[in-house]
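Read the structure below first, then the notes.
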Amino acid sequence: MEKKILMVSTASLLSLLLASLLVLSEFSVAHSREARREQMESLQLYASYGDPGTGIGIGVRRPQLSLELPKGLEEAGVSVENDYRKRKVILHIPEAGEDYLDGHPFVGRMDHIKGIRMEDGLLELAMDGVYEVQSSVEGGWLHLDFLAPWQVYETIIVIDAGHGGSASGDTKQQVMEKDLNLSIVRRLKSLLEEDGGSIGVYYTRTEDENPSFEQRLQLAEAVRADVFLSIHCHSSGDGQMSEENGTEAMYDEEKEDGSRQLAEIFLQEVSNSLGSKANGLFPGNRDYVLRSSRVPAVSVAVGYMTNQEELDKLKTAEYQGRAAQGLYQAILRMAGSQ
């Protein structure tokens, strides 16, 4: 009898335990769903699917993300800015107040978006990486697609204007290397933009700022660059004015990633364009950026700031333009366009 009572008690306890576990499991799932919902709300991720009001349905290509615009707002009144260095996409939408998203939720997928900030007329999307943004306005809706750079371009390059901000680089006769580097890169940027954008080009800086080495390298990794190109000017070993002159290129001699061949292309094209002496390729493993880069990396020293004749040339728009032209030709060769 006692054994029978014990068996019944044990069975009852097991049943209660299983029931408790089931309840706890359902509570955990419900709590997890609620937590995710609250997290999405805290980030203002107003996403929904299949809203019939958009006219986007089954069998029709759906953009990744869509947003209804204020009544009467045409495409010309909307602008989309892609600040890839800060991983942000900024939508300028006149007449959209801070609570606009409450009544006009996004429709589509938010999987690349970490957060949203809304101010009057400005909607800022914090992205989880670097993307090419394709946008269109149709039927009163703004449509957005976010594509990885390698989905858009066959060749990708990150161009780095050396130094910047408080890091002036070499300074001779009140001329700062950071300014020469940036001026050459800006001229190169103009040439590449005139080319129609067939090559994916990203810049570590286009202003007088000084991104960290890590930020510069992370950009190259994020876009899966085919080459990281850093632009510099040079000085003599002791920093004194001298007869040393010419153009040089550096690469990490301990890597077999094609960077030596790329360095040779850039050296040839830049020295040919400038009519400068090609001093050759130099080992760059001692250079932190070249050594640490996970993509093929090349550093080009356009000319010597410690050579008076070359410094005088480097200061001119004409010589900077020729340097940019040489870099441009090298990029076309690298991409197989020539």
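Of all residues in region 69-87, those that are within 18 Å of Tyr131 (Cβ to Cβ) have Cβ atoms under 7 Å from Cβ atoms of residues that are in a helix (DSSP H, G or I), 6 or more apart or on another chain, in Arg85/Leu219. Apart from one condition, Val78 fits all of (1) modelled with pLDDT of 95 or more; (2) buried (at least 18 other Cβ atoms within 10 Å of the Cβ); the exception is (1). When the criteria are applied in full, Gln261 fails the requirement of being more than 21 Å from Asp179 (Cα to Cα) and touching a helix residue (DSSP H, G or I) at 6+ places or on another chain (Cβ under 8 Å). Looking at region 122-144, can you tell me whether even one residue there is out of contact with any His (no Cβ under 8 Å at 6 or more places or on another chain), within 14 Å of Val223 (Cβ to Cβ) and free of Cβ contacts under 8 Å to residues at least 24 places away in the same chain? Taking every residue of region 122-144 in turn, none turns out to be out of contact with any His (no Cβ under 8 Å at 6 or more places or on another chain), within 14 Å of Val223 (Cβ to Cβ) and free of Cβ contacts under 8 Å to residues at least 24 places away in the same chain. The number of residues in region 110-124 being within 21 Å of the chain's Cα centre (by Cα), surrounded by 14 or more Cβ atoms within 10 Å (Cβ to Cβ) and either part of a loop (DSSP other than H, G, I, E, B) or of a type in the set (Val, Ile, Thr) (or both) comes to 4.
Which one of these is of a type in the set (A, V, I, L, M) and surrounded by fewer than 22 Cβ atoms within 10 Å (Cβ to Cβ): Ile231, Ile184, Ile199?
Step by step, each of Ile231, Ile184, Ile199 is checked, and only Ile199 is of a type in the set (A, V, I, L, M) and surrounded by fewer than 22 Cβ atoms within 10 Å (Cβ to Cβ).
Is there a residue in region 138-157 that is surrounded by 17 or more Cβ atoms within 10 Å (Cβ to Cβ), of a type outside the set (A, V, I, L, M, F, W, C), within 30 Å of Tyr319 (Cα to Cα) and over 17 Å from the mean Cα position of the chain (by Cα)? No, region 138-157 contains no residue that is surrounded by 17 or more Cβ atoms within 10 Å (Cβ to Cβ), of a type outside the set (A, V, I, L, M, F, W, C), within 30 Å of Tyr319 (Cα to Cα) and over 17 Å from the mean Cα position of the chain (by Cα). If the condition is being among the acidic types (Asp, Glu) and under 29 Å from the mean Cα position of the chain (by Cα), then region 272-315 contributes only Asp287.
Okay, residues lined up against (1) under 27 Å from Asp195 (Cβ atoms); (2) in contact with a Leu (Cβ under 8 Å, 6 or more places away or on another chain); (3) modelled with pLDDT of 95 or more; (4) of a type in the set (A, V, I, L, M, F, W, C):
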site: Gln261; (1), (2), (3), (4): yes, no, yes, no
site: Glu264; (1), (2), (3), (4): yes, yes, yes, no
site: Leu267; (1), (2), (3), (4): yes, yes, yes, yes
site: Ala278; (1), (2), (3), (4): yes, yes, yes, yes
site: Gly284; (1), (2), (3), (4): no, yes, yes, no
site: Val302; (1), (2), (3), (4): yes, yes, yes, yes
site: Glu310; (1), (2), (3), (4): no, no, yes, no
site: Gly321; (1), (2), (3), (4): yes, no, yes, no
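Here Gln240, Gln218 are screened, and the one residue that is over 17 Å from Val300 (Cα atoms), without any contact (Cβ under 8 Å) to a residue 24 or more places away in the chain, assigned by TED's automatic domain parsing to the domain that holds Glu310 and polar (S, T, N, Q) is Gln218.
Matching residues to (1) buried (at least 22 other Cβ atoms within 10 Å of the Cβ); (2) touching a residue at least 40 places away in the same chain (Cβ under 8 Å); (3) closer than 23 Å to Gln240 by Cα:
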site	(1), (2), (3)
Ala263	yes, no, no
Phe266	yes, yes, no
Glu269	yes, yes, no
Leu281	no, no, yes
Val295	no, yes, no
Tyr304	yes, yes, yes
Asn307	no, yes, yes
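The values are calculated or read from the model by the stated rules, or taken from the named source; none is laboratory data. For clarity, every value in this text was computed on a predicted model and none was experimentally measured. Because the Cβ atoms are built from the backbone with ideal geometry, glycine has one as well, and the counts that use them run over all protein chains shown.
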